[in-house]
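Contents: one structure, followed by commentary.
The values are calculated or read from the model by the stated rules, or taken from the named source; none is laboratory data. Keep in mind that what you see is a predicted model, and the values were worked out from it rather than measured. In this analysis, Cβ positions are derived from the backbone assuming ideal geometry, glycine residues included, and neighbour counts consider all displayed protein chains. All accessible areas refer to the heavy atoms of the entire protein, side chains included, with ligands and DNA or RNA removed. Shrake-Rupley method; radii C 1.70, N 1.55, O 1.52, S 1.80 Å.
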Amino acid sequence: LQQSSRDHCQKKKSSFDEAAKDQPTTEPLATIMATTRMNSAWSGKRSSVYVRGKGWRTAPKPTPKRPLAPRPKLAEEPSVSYLASFDCGSFAIPHPQKQEKGGEDAHFYHGKQGWLAMGVCDGVSGWASEGVDPATYARELSEHGELAARNPAIFGEEPWSILDYAHSRAESLGSSTFTITNLISEEEGKSGGSGKKAVARLKWANVGDSGVKVFRYGSVVSASAVQEHYFNCPRQLGNPKKVRECDTPDAAEEDEVALRRGDVVVLATDGVFDNVFDKEISELVNKHKKRSAGEIAEAIARRASTNSRNRKYESPFAKEAYALEKKEGGGGAVLTLGGGGLSLNGIFSDLGLVKEENPYIGGKLDDITCVVAVVK
């Protein structure tokens, strides 16, 4: 029995020696022995775990990993559901005598989630008398403006950067007004305004008599200023290499305002604002508030077109022209007294004998372009 036990131990030792010869010589012998022990356990059962003081034991079955719970958002991370979105649409009606070429206005709008850029241009029609198509330069401005608007990572949130880039790239002969607006959604309450109601910001840069107005609950809460050298002669961008007297982007008026959900932003050329009063636009906005932005823009543009052809309508343009004439000393009638300082029409009106008439009564025929954005 002792001899048999010695033979058994000798065989086991021989098996370890043979296994050691088969392994690369670079590994330590202890590692080779441990590997052999894993493959040929004394008990004949497969072992893979060495427990100190207790030897090799069969490895327990691994416990399945529990799925990780989703990481909660940090408090400072705005949730997309709280960010405003923008519905945008446009509508344009060319001047009756310029329908074949599509008028002399141009516009664009481009946006993505939480951000929207819009622009309108109005080519100065006076260039037509010199054989230059006023639409060409306006369309160039619009095309380059849209290209810049599609790259917010380069031009940022400032509309002036878009306006400046477009001006630097437009090379045709001509001049045009130009208004750019950027609508930027942000976490509710950050825009300022009243408490937590502000959900976005509107920024604009404007050169000329096109412009932007914000309508809220039937009133205009913010509007760009009309820029003119004198009445009916707006500031206008042009290529300074080809136009000796023109304005540059430095003349642009810039401003911004906080927006709330439900606000309606109306960006338009003077063909709209010269023919439709703010009260009329507000009524149209309220009437079509459940419709799309494009339908609101169409309603405003069609009202402007209707008013522009009405010879008995005292348009905003006619009212301003007459007010300016009265301020400068004209009375509005053909027959005047005192070298034009007094008029029979004005005297009789002051006495209450006759209603003073506006000699400029009627709408103003023009290209009409309207772009509308609704804050959702």
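Quick notes on this structure:
- Filtered by the rule that a residue be of a type in the set (Val, Ile, Thr) and either at pLDDT 90 or above or crowded, with 17+ Cβ neighbours inside 10 Å (or both), the range 349-370 gives ILE361, ILE368, THR369.
- The range 98-201 holds helices (runs of 4 or more DSSP H) entirely within its bounds, and those carrying 2 or more residues that are under 23 Å from CYS233 (Cβ atoms) and touching a helix residue (DSSP H, G or I) at 6+ places or on another chain (Cβ under 6 Å) map to 134-149, 159-169.
- Residue check for LEU259: open to solvent by less than 10 Å² (accessible area, probe 1.4 Å), in contact (Cβ under 8 Å) with a residue 12 or more places away in the chain and over 25 Å from HIS95 (Cβ atoms): yes
- Among (1) modelled with pLDDT under 95; (2) buried (at least 18 other Cβ atoms within 10 Å of the Cβ) - the single one GLY114 does not satisfy: (2)
- Some residue of the range 268-282 being within 16 Å of the chain's Cα centre (by Cα), assigned to a strand (DSSP E or B), at pLDDT 95 or above and surrounded by 22 or more Cβ atoms within 10 Å (Cβ to Cβ): yes
- Residue within the range 218-240 that is buried (at least 24 other Cβ atoms within 10 Å of the Cβ), modelled with pLDDT of 95 or more and within 22 Å of SER129 (Cα to Cα) present: yes
- Of all residues making up the range 149-185, the number that are in contact with a Pro (Cβ under 7 Å, 6 or more places away or on another chain), open to solvent by less than 10 Å² (accessible area, probe 1.4 Å) and within 27 Å of GLY131 (Cα to Cα): 3
- Of the criteria (1) open to solvent by 20 Å² or more (accessible area, probe 1.4 Å); (2) closer than 18 Å to THR248 by Cβ; (3) touching a strand residue (DSSP E or B) at 6+ places or on another chain (Cβ under 9 Å), which one GLU146 fails: (2)
- Among residues of the range 271-282, those that are touching a residue at least 24 places away in the same chain (Cβ under 8 Å) and out of contact with any helix residue (DSSP H, G or I) (no Cβ under 8 Å at 6 or more places or on another chain), counted: 2
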